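Have a look at the structure below before the remarks.
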Amino acid sequence: MKTKILLLLATLALSVQTGCDDDDSDGTTMDAAGGGGDAGPVDDAGPGKAEEVIGFAIRVRNPEGRNIYLGAFPEVPEGELDRSKMIELANNDVDFNDGYAYDFSRETGTYTRYSVDADLQMVEGPKLSLANLGLTGGRGTAFVSNTRAYNYGTSGASLVVAVFDPTAMELTGTIPADALANDDFALGIVGKPAIFGDYVAFAVDWLDRANLRTYDKAAVALVKKDSDDEPVFLVEDDRCAGAYETFVDASGDLYAMGTASGGYFGLYGVEPADLPPACALRIKAGETTFDPDFYVDLEAATGTRAVYGAWHIAGHDMLVMGLQDGGDLPAAEDYLAEALFEAYVVDLDTGTSRRLEGIPAAQGMSFREHFLDGTLYYQVYTTVEGTPSVDVYRVDADGTATKQFSTLGDPWSLGTLKVR
């Protein structure tokens, strides 16, 4: 029983994370790939504007861990996703920016930039190694502009944010991130980034899987988006715990969702009564503290027993996956293994909800958020011979959902690529 629970918690933690070279003396490299590498930055204005296609990174679990498959498609697929032309990567993370795919190796701490050619084949390009900074493991990437990006997280040998130029593929600086240290917990995990005024913001949570504990506050890290001089700092609030999702609305306000790591620790943790219910909080534009006058209890809004996750749809509407209240509490090992979570649309302005028709009851297997052209794509899991099989649903701004495609494994990231 305990082994099953620990494996489940390992899956939960991996679901949240975002994340042979010749090293020179400062730990950075920029090696051109064989065959000339990618075409490099191009001027996309005028008659020669690059054609845009869809980039997908798919995670497939295996007995040793996971692999990522990366490929390009002319449009968002329908039916079964064809992986036959996708390239296989190792235990990596992939993000998209400016028509490129940036592949970060968790093992070596190296970025590889990929472009796509006219045959929709991925073309390996320059590399940038952060190994000498000790930045390995599951980390996030935030693109401030086409010439400034951050590599951030709690894994690796040093607590810094690496600043790099994603066009030149060069390290340009580091920012102290001592605020991300938490000696009371064995593992820190970070959410996807959001540009919030003068800052890059990302949620931070800490876990102690062996002792079934999570951090008892919602925490958002802020780092200046145009300066290397100011260290990362935390904004915290004890009205909800285990934050992971953030978004910025049209007014520039930042919203953060806390669910005590998918609701698990609020039900089965060492001291679940001490954890607050899942909730939504806000930091107003221009502020660096949570708004004491804004709070939405997501469990009360949906009438559910626990909330696995909440994802931004549009405006102030959230897709919330909640565990039905009443009846017997599921066994801990079944919490993520069974289709227990129902879909709701929660209006953060009113604190009310309605059932979202079109998305069936689902397993809780990934916190990953997928946006393309302003549209949310949500993944619903089943399991085929131990490997997640996923149906991906398009969730439109009006809160309706339509099944888009299916794939063995699960989407890790998607974005726009430019044919070069």
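Run the numbers for ASP396 and ASP198: contour at 0.36 nm per residue of separation, minus the present Cα-Cα distance, in nm. Write down the numbers at each step before the final one.
Values: separation 198, 0.36 × 198 = 71.28 nm, distance 2.96 nm.
Gain in length upon complete extension: 68.3 nm.
Given points 7 Å out from each Cα along the Cα-Cβ axis, report the THR172 to ASP347 separation in nanometres with one decimal.
4.3 nm
Below 15 angstrom from the Cβ of ASP229, what's the summed charge of the other residues (Lys, Arg +1; Asp, Glu -1)? Can you show the working numbers first?
Numbers: positive: ARG148, LYS224, LYS225; negative: ASP178, ASP198, ASP226, ASP228, GLU230.
Combined, the nearby Lys, Arg, Asp and Glu give -2.
If packing is taken as the average count of other Cβ atoms within 10 Å, what order do 52-62, 288-298, 98-108 fall into, highest mean first? Before the final figure, lay out each step's value.
Numbers: 52-62: 19.6, 288-298: 16.3, 98-108: 21.5.
Listed from highest to lowest mean packing, they are 98-108, 52-62, 288-298.
Run the simple label-point estimate for PHE371 and ALA331 please: 7 Å along Cα→C-beta, distance reported in nm.
If labels sit at PHE371 and ALA331, their model points lie 4.0 nm apart.
Whole angstrom only: what separates the Cα centroid of segment 133-178 from the Cα centroid of segment 89-110?
Each part reduced to its Cα centre gives a spacing of 13 Å.
Pop the C-beta distance of LYS403 and ASP229 into the FRET formula with R0 = 51 Å and round what comes out to the nearest 0.05. Let's see the in-between values first.
Numbers: r = 48 Å, r/R0 = 0.95.
About 0.60, to the nearest 0.05.
Considering only VAL270, ALA280, GLY258, whose Cα is most displaced toward the positive end of the charge dipole of segment 192-316, charges sitting on Cβ of Lys, Arg (+1) and Asp, Glu (-1)?
Among VAL270, ALA280, GLY258, the one farthest towards the positive end of the dipole of segment 192-316 is VAL270.
Sum -39500 (n - 2.57) across every DSSP H segment of at least 4 residues in the chain, then divide by the residue count to get the 222 nm mean residue ellipticity, nearest 500.
So the calculated ellipticity at 222 nm is -1500 deg cm²/dmol.
With point charges of +1 on the Cβ of Lys and Arg and -1 on the Cβ of Asp and Glu, referenced to the Cα centre of the chain, which listed residue (TYR100, SER406, PHE185) lies farthest in the positive direction of the dipole?
Value: SER406.
Nearest 20 debye, what's the magnitude of the dipole of segment 307-399 about its Cα centre given +1 on Lys and Arg Cβ and -1 on Asp and Glu Cβ? Don't skip to the answer; put the middle values down first.
On the way: 4 positive and 16 negative charges, 29 e Å.
Using only the charged Cβ atoms, the result is roughly 140 debye.
Kindly put THR174, THR154 in sequence by how many other C-beta atoms sit within 10 Å of each C-beta, fewest to most.
Working: THR174 18, THR154 23.
Neighbour counts put them in this order, fewest first: THR174, THR154.
Extending each Cα 7 Å along its Cβ direction at ASN67 and ARG355, get the distance between those two points in nm, one decimal.
Each label point is offset 7 Å from its Cα along the Cβ direction, giving 4.1 nm.
Using unit Cβ charges (K, R positive; D, E negative) and no other charged atoms, how large, in debye to the nearest 20, is the dipole of the chain about its Cα centre?
Numbers: 30 positive and 68 negative charges, 142 e Å.
The dipole of the chain has a size of about 680 debye.
Provide the gained length on full extension for the span ASP165 to ASN146, in nm with one decimal, where the gain is 0.36 nm per separating residue minus the Cα-Cα distance. The partial results should precede the final answer.
Values: separation 19, 0.36 × 19 = 6.84 nm, distance 0.73 nm.
So the chain would gain 6.1 nm between ASP165 and ASN146.
Using the Cα centre of segment 142-212 as the reference point, and only Cβ charges (+1 on K/R, -1 on D/E), how large is the resulting charge dipole? Debye, rounded to the nearest 20.
Computed charge dipole of segment 142-212: roughly 220 debye.
Report the paramagnetic label zone for TYR295: residues of segment 252-285 whose backbone N is under 14 Å from a point 7 Å from Cα along the Cα-to-Cβ axis.
Taking a point 7 Å out along Cα→Cβ of TYR295, the residues of segment 252-285 whose backbone N falls under 14 Å are 258, 275-282.
Quick note: the coordinates plus some simple rules give every number you see, no bench work behind them. Just so you know, these numbers come straight off a predicted model, no measurement behind them. Note that each Cβ is placed from the backbone with ideal geometry, even for glycine, and that neighbours are counted across all protein chains shown.
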